[in-house]
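The block underneath contains the structure these notes are about, expressed in structure tokens.
The values are calculated or read from the model by the stated rules, or taken from the named source; none is laboratory data. Fair warning: this is a prediction, and the values are worked out from it, not measured in the lab. Cβ coordinates were reconstructed from backbone atoms using ideal geometry, including for glycine residues, and neighbour counts include every protein chain displayed.
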Amino acid sequence: MTSPDVVFNPLLPEFHANPYPFYRRLREADPVHLSTFGTWILTRYDDAVMVLRDPRFGRETMGDLMEARFGGTEERPAYSRSMRVEGQIAIGTLLRRLPRMELASAAPEWRESSTLRGLKILPVSL
């Protein structure tokens, strides 16, 4: 049962700065937590191992889950577009944080796979 006193939001800046107090609070107060995003968060090793080994639990890939939520065909075009935008945002953030870094290529190469996302390589010079 999810504890109403425990809020788990991995999008908070405080979480990104130091996630360990959030995980400790979950592990102590609500070790099997249903997040506000509708996903289960398991914070104890034994619980995670049990779920991974139990065939009653689903084995959907992230691509399958994204396709079910956002639509798309076998090639997952809706998911692929969001991956591309996410990558462009990540590269822009990286370039802002490392102002002397430059892309060595004007057009980075993207992986063709819909299950393994991201760039093949990120050619940079510092």
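Considering only residues of region 3-44 that are closer than 22 Å to Gly58 by Cβ and among the polar types (S, T, N, Q), which is surrounded by the most Cβ atoms within 10 Å (Cβ to Cβ)?
Taking the candidates together, the pick is Thr43.
Quick check: is even one residue across region 84-103 within 30 Å of Val6 (Cβ to Cβ), surrounded by 14 or more Cβ atoms within 10 Å (Cβ to Cβ) and at pLDDT below 75?
Among the residues of region 84-103, not one is within 30 Å of Val6 (Cβ to Cβ), surrounded by 14 or more Cβ atoms within 10 Å (Cβ to Cβ) and at pLDDT below 75, which makes the answer no.
Identify, please: which residue in region 43-65 is of a type in the set (Ser, Thr, Tyr) and not in a helix (DSSP H, G or I) and is, among those, modelled with the highest pLDDT?
Pass one, region 43-65, residues of a type in the set (Ser, Thr, Tyr): 43, 45, 61.
Checking which are not in a helix (DSSP H, G or I) leaves us with 43, 61.
Numbers: Thr43: 91, Thr61: 61.
Among those residues, the one meeting the criterion is Thr43.
If Arg25 satisfies every condition in (1) charged (D, E, K, R); (2) touching a helix residue (DSSP H, G or I) at 6+ places or on another chain (Cβ under 9 Å); (3) closer than 18 Å to Asp5 by Cβ but one, which is the exception?
Status for Arg25: all satisfied but (2).
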